[in-house]
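The values are calculated or read from the model by the stated rules, or taken from the named source; none is laboratory data. Computed from a predicted model, the values in this text were never measured in an experiment. Every residue, glycine as well, gets a Cβ built from its backbone with ideal geometry; the counts of neighbours run over all protein chains shown. Heavy atoms of the whole protein, side chains included, go into the accessibility calculation; ligands, DNA and RNA do not. Shrake-Rupley method; radii C 1.70, N 1.55, O 1.52, S 1.80 Å.
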Amino acid sequence: MSGSSHAAAEAGDSPGKIKETKPRRRYELDDRGFDEVPRKYRKYYRKWEGPDDELAPNEALCPVCKIVMRSVRELRDGDQLYCMACMTRVRIVSGENGRLETRVTY
Amino acid sequence: MSEVGEVHDLDPEVFEREVRTFDHWFGAVQDYLSDLEHGHRADIASEELAADEVDRLTTALCNYAVAETAALEASSGLVRLAPNHASKIFLATQAVDEARHVEVILQRLEDIGVEDPAAEIERRANPAVREFKNRLLYLVDSNQWDLAIFAQNVSLEAMEFSAFRAHATVGDPVTCDMLERMLRDERRHLGFGENEIARCLRTDPSRGAQIASVKNELESLAINTFEYTAKELEVESDTITKLGRDYRDAVERLGL
C-alpha cells in the first residue's frame, strides 16, 4: 500500500447508485505536500514519481497532467475522479486483464 | 480553511465552475509562488556553469522566451474572444501566469550573464518557434476561438510541458526549480485547452476538420522546437521520445 494511509476495510459504500456487494476498503488521506491546488484539496493529490511509482488501490494517474489523484475509497470500474491540478474529469474503467485504467470525461 | 467532503463526489457542474474561478487560481499558486527570488527558491545555490553549458542554456531560454511571449500575447487577446465569463476569467489568470514566465526567463538570462536578453532572443530563437508564434497570433487576430485555443493550449502548452520536463532532467538546480514552478502552471493551461476543445467538438463536430487542419499545420513546428531544444540540452533520446508522447496522447484523446 505504497500510495496512501490505510485506515480500515469497512462495509461497502459506493459513490454511485448501484449497490455493491463487495465492501470497499477505505483510506484516511494524509497531506503529501502537493501544493498545486487550494489547501483544502491537497490531500486528494500527490506527485507521481515516475514509472516505478506503484499506485495504491485508491489512486489513479491523471492521463492529462500526470498527477496522482487519491480517493478515500478503493477505486472501482465506473468511479469518477477530478484532477484539480489540470481541471480534468476522469472515469475509472476496467482495461485488459481487469486492470483499472483512466479515461478522460469531457 | 474549510473542510470538504470527498472532492471526487462533487457535482460535475460545481467542479467546472469552481476550477475556473480566480479564487481557485489564487489558492493553487499561493504556496508555490511565495518567497521566491526571480521565480526560484532563494536558498538554492547557483551552480558555476561552464561556458558551453551557459551557451546551451541561453539558447533554450531564448526559445522558451518566444514561446511564453506568444502565450502571453495570445491568452490576453483570447480573453475578448472567450464565449463565457468563466473562460474569460481563466484566460486572464493564464495571461498572468504567462507574464510571470516571461519575466523569470528574462531574469534567468540576465543572471547567467546575458547583457541584452531581447537582442539575444532575436539572434538565437529557432525559426520554428517564431513561425509558431506568428501563426498563433494570426488565429487570435482573426477571432478563431477554437483554433487559437487548440494552437495555444494544446499544441504550444504540450510542447512547453514536454520541453520543461525534459530540461528538468538535465538542468542546473536553479533553472530546474524555476521550470518546475512553471510546469505547475502549465498543467492548468493544458487541461483547460483539452477540455475546451472537446466541448467545442461536442457542440459542433463539424469544427473537427478545421481543428485537425491547424493541428497538421502547427504540430511539426511545435515538435521541431521541442526536439531541437531538448537535443541542444543533451537530453537522452529516450526521454525526448517519451515526453513527446504527451502531445500525441492529447490529440488522440480528442480524436484529431
Please report, in whole Å, how far the alpha carbons of segment B:72-114 spread along each principal axis, starting with the longest. 44, 13, 6
Below 8 Å between Cα atoms, with a sequence gap of 6+, how large is the relative contact order for segment A:9-105 in percent? 19 percent
Can you spot the lysines whose alpha carbon is less than 30 Å from B:Lys133's alpha carbon? Ignore those fewer than 8 places along the same chain. A:Lys66, B:Lys88, B:Lys215, B:Lys231, B:Lys242
Extreme residue, positive dipole direction of segment B:8-252, given options B:Leu91, B:Thr58, B:Ala118 (C-beta unit charges): B:Leu91
Where the only charges are on Cβ atoms (+1 Lys, Arg; -1 Asp, Glu), what is the dipole of segment B:113-155 about its Cα centre, to the nearest 20 debye? 160 debye
Would you calculate the separation in nanometres between label points at B:Arg199 and B:Glu16, each defined as 7 Å from the Cα along the Cα-to-beta-carbon direction? 0.6 nm
Taking all pairs of distinct Cα atoms, average 1/r, flip it, and tell me the Kirkwood hydrodynamic radius of the protein assembly as shown in Å to one decimal place. 21.3 Å
Between segment B:78-96 and segment B:123-147, the Cα center-to-center distance that results, in Å: 19 Å
For segment A:50-106, fraction of C-alpha pairs farther apart than 16 Å, in %: 36 percent
Intensity falloff of chain B expressed as log10 I(q)/I(0), Debye formula with alpha-carbon point scatterers, at q = 0.08, 0.09, 0.12 Å⁻¹: -0.31, -0.40, -0.71
Let me check against my output: what whole-number percent is the relative contact order of chain B, with C-alpha pairs under 8 Å and at least 6 apart? 24 percent
Unpartnered Cys in the protein assembly as shown, judged by a 4.7 Å Cβ-Cβ cut-off, are B:Cys62, B:Cys176, B:Cys200
What does the accessible area per residue of the protein assembly as shown come to in Å², with a 1.4 Å probe and no ligands, DNA or RNA counted? 45 Å²
Where labels lie 7 Å past Cα in the beta-carbon direction, separation of B:Ser237 and B:Asp31 in nm: 4.1 nm
About the Cα centre of segment A:9-105, how large is the charge dipole given +1 on each Lys and Arg Cβ and -1 on each Asp and Glu Cβ? Please answer in debye to the nearest 20. 440 debye
So how do B:Thr58, B:Thr69, B:Thr241 rank on accessible area, 1.4 Å probe, biggest first, that is with the largest at the start? B:Thr241, B:Thr69, B:Thr58
Please list log₁₀ I(q)/I(0) at q = 0.10, 0.12, 0.17, 0.20 Å⁻¹ for segment A:9-105, using the Debye equation with identical point scatterers on the alpha-carbon positions. -0.26, -0.37, -0.76, -1.05
To the nearest 20 debye, what charge dipole does the protein assembly as shown have about its Cα centre, counting +1 at the Cβ of each Lys and Arg and -1 at the Cβ of each Asp and Glu? 1820 debye
Between B:Ala209, B:Tyr247, B:Trp25, whose Cα lies farthest towards the positive end of the dipole of the protein assembly as shown when Lys and Arg beta carbons carry +1 and Asp and Glu beta carbons carry -1, centred on the Cα centre? B:Ala209
